1. Those residues that are over 21 Å from Val23 (Cα atoms), among the aliphatic types (A, V, I, L, M) and assigned to a helix (DSSP H, G or I), I need them from the stretch 117-164; list them, please.
2. For the stretch 152-164, give me the residue count where each residue is surrounded by 12 or more Cβ atoms within 10 Å (Cβ to Cβ) and closer than 16 Å to Val92 by Cα.
3. Taking the options Thr108, Thr145, Thr134, Thr125, name whichever one is under 30 Å from Gly34 (Cα atoms) and surrounded by fewer than 18 Cβ atoms within 10 Å (Cβ to Cβ).
4. What is the one condition in (1) at pLDDT 95 or above; (2) touching a helix residue (DSSP H, G or I) at 6+ places or on another chain (Cβ under 8 Å) that Leu117 does not satisfy?
5. Mind listing just one residue for me: the one in the stretch 48-92 that is at pLDDT 95 or above and β-branched (Val, Ile, Thr) and, of those, farthest from His153 (Cα to Cα)?
6. If you go through the stretch 54-74 one residue at a time, do you hit one that is touching a Pro at 6+ places or on another chain (Cβ under 9 Å), of a type in the set (Ser, Thr, Tyr) and surrounded by 14 or more Cβ atoms within 10 Å (Cβ to Cβ)?
7. Kindly establish whether Tyr13 is in a helix (DSSP H, G or I) and either of a type in the set (Lys, Arg) or under 22 Å from Tyr137 (Cα atoms) (or both).
Amino acid sequence: MSLSLYDVTVPVYRQYLAALSGVLGKAAEHCASGSAQEGELTSCRLVEDMQPFTFQVALAIFHSAGAVATLRGQTYPASEGLETFAGCRAAVDAALAYLDGVRPGDLTIDLDADVVLQTPRGKMTFTARNLVFTFSYGNFFFHVTTAYDILRHRGVPIGKRDFLGAVQVKAMA
């Protein structure tokens, strides 16, 4: 059996973005109950020199939907409106909708083809394979995990199942 570029990107990114959307919903509910102030959570950092929660959401989108768009020779728009949990969730849900529109035949780039990623620091050239496995995966999981950790640290009632989302179980006894 062989895995396609689609197999190792879209379903993986989709699972964790959908989970992040659920976590964002729980964070909004937590704030609506009076247990926390939304602005304090969306601007929260784990440590002073780390980027805030909203940055973590934006970069999770950039390294998932944005990476898939790059592999398709497209650009994915920068996330906007992330000041609230509703805005964060709308941006994550838009990334999910984009991924839902990608079909296996849309990712036909050769694994060793050059791919140029435009970042705020400049252009980075990778092979398609290395963009996914050495750059996008690490960054994607770092930012999703950090967003989760910020909310968990600040008392949002979430756990590992919330982080994992809907795992693809073939059978369970």
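1. Matches in the stretch 117-164: Ala128, Leu131, Val132.
2. Total satisfying the criteria: 2.
3. Values: Thr108 fails: under 30 Å from Gly34 (Cα atoms); Thr134 fails: under 30 Å from Gly34 (Cα atoms); Thr125 fails: under 30 Å from Gly34 (Cα atoms).
The match here is Thr145.
4. All conditions pass for Leu117, except number (1).
5. Thr70
6. no
7. Judged against the criteria, Tyr13 is a match.
Quick grid of which residues meet (1) surrounded by 18 or more Cβ atoms within 10 Å (Cβ to Cβ); (2) part of a loop (DSSP other than H, G, I, E, B); (3) not hydrophobic (A, V, I, L, M, F, W, C):
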site	(1), (2), (3)
Leu5	yes, yes, no
Val23	yes, no, no
Ala78	no, yes, no
Gly81	no, yes, yes
Ala95	yes, no, no
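The values are calculated or read from the model by the stated rules, or taken from the named source; none is laboratory data. Quick caveat: nothing in here was measured; it's all calculated off a predicted structure. Every residue, glycine among them, receives a Cβ derived from its backbone with ideal geometry; neighbour counts consider all protein chains shown.
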